[in-house]
């Protein structure tokens with residue numbers, strides 16, 4: 001699949017809270033396969049095994065080998081730290097009758113805000129079921145990609161949930177359901193993301 005380029009500009013500051021009701025109020029976060037306690041146990045076991053193996057090789061006269069065992073431990077530790085840092089990413093998607101708000105938090109803590117008109121926004125899932133599946137929100141020539149850090153299996157589900165919420169939001173007011181999107185847990189207040197620092 002060709003690379004999709006975002007063309008939706010970020011808002012200069014925190015947009016005003018959307019009008020009630022919300023038809024989706026979802027928090028997206030990367031999956032973490034190993035929690036912190038598991039990481040500590042893994043590193044302790046790895047350090048113990050590496051130390052024992054390195055000591056055995058050192059006694060046999062192969063003194064450079066323990067250095068490589070230590071290097072392996074350091075590389076594993078660094079890889080997990082990078083993964084956990086990436087795990088700080090968040091996206092909050094709020095869909096109201098008048099607009100769609102997307103608050104995107106980057107690993108360094110910087111937050112960007114995006115706004116699209118609900119009535120004109122189209123949802124498209126590219127390469128559904130494949131590794132490079134992508135969810136595109138587009139309106140008036142502006143394109144925004146959401147949920148890029150979710151697993152390939154989760155992205156089509158999110159796309160369908162967003163599509164359902166938009167359809168409900170664009171129904172005439174007397175027919176509104178007023179329910180929030182059920183894809184993920186509800187987020188906090190609108191003031192959760194007040195920063196708009198550059199990435």
Within region 131-175, the count of residues that are within 14 Å of the chain's Cα centre (by Cα) and on the phi > 0 side of the Ramachandran plot comes to 1
Residues of region 34-87 being closer than 27 Å to residue 154 by Cβ, touching a helix residue (DSSP H, G or I) at 6+ places or on another chain (Cβ under 9 Å) and either modelled with pLDDT under 80 or not in a helix (DSSP H, G or I) (or both), in sequence order, are 34, 36, 39, 42, 80, 84
With criteria (1) in contact with a strand residue (DSSP E or B) (Cβ under 6 Å, 6 or more places away or on another chain); (2) part of a helix (DSSP H, G or I); (3) buried (at least 18 other Cβ atoms within 10 Å of the Cβ), residue 161 comes up short on (1)
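The values are calculated or read from the model by the stated rules, or taken from the named source; none is laboratory data. Bear in mind the structure is a predicted one, so any value in this text is a computation, not a measurement. As a convention, Cβ positions derive from the backbone with ideal geometry for all residues, glycine included, and neighbour counts pool all protein chains shown.
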